[in-house]
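Derivation of every value follows stated rules applied to the coordinates shown; laboratory data play no part. Quick caveat: nothing in here was measured; it's all calculated off a predicted structure. Glycine gets a Cβ as well: all are built from the backbone with ideal geometry, and neighbour counts include every protein chain shown.
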């Protein structure tokens, strides 16, 4: 849980039971309930497909005869893609 002294911190609920090597039945029940409550159980079981991972933008490559203005335009476009990433 987030401490009280950190404004803007988002508390993340934790599963009540930790697997210790001998409590599989209890752990799996609580994990299913917990992950279902987080709307993640379908991803873990394979029932739902994970969303696609976005591709990292490729840094620009400059032609040998590119002007400074062309290079600046390519770099600005790359920076905009990185910010949107």
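Once you keep just the Cα pairs under 8 angstrom separated by 6 or more residues, what percentage relative contact order results for the stretch 1-50? For the stretch 1-50, the relative contact order is 21 percent. Against the main long axis of the alpha-carbon atoms of the chain, helix 68-84 sits at an angle near 10°. In a GNM of the chain with a 10 Å cut-off on Cα contacts, which of 37, 21, 46 has the highest mean-square fluctuation? So, out of 37, 21, 46, the one fluctuating most is 21.
Direction-averaged projected area, Cα convex hull, the stretch 1-50: 4.9 nm², rounded to one decimal.
Computed across the chain, the Kirkwood radius stands at 18.0 Å (inverse of mean 1/r, all Cα pairs). Distance between the 7 Å Cα→Cβ label points at residue 14 and residue 28: 2.4 nm.
From helices alone, the chain scores -13000 deg cm²/dmol at 222 nm; the rule is -39500 (n - 2.57) for each run of n ≥ 4 DSSP H residues, then divide by the residue total.
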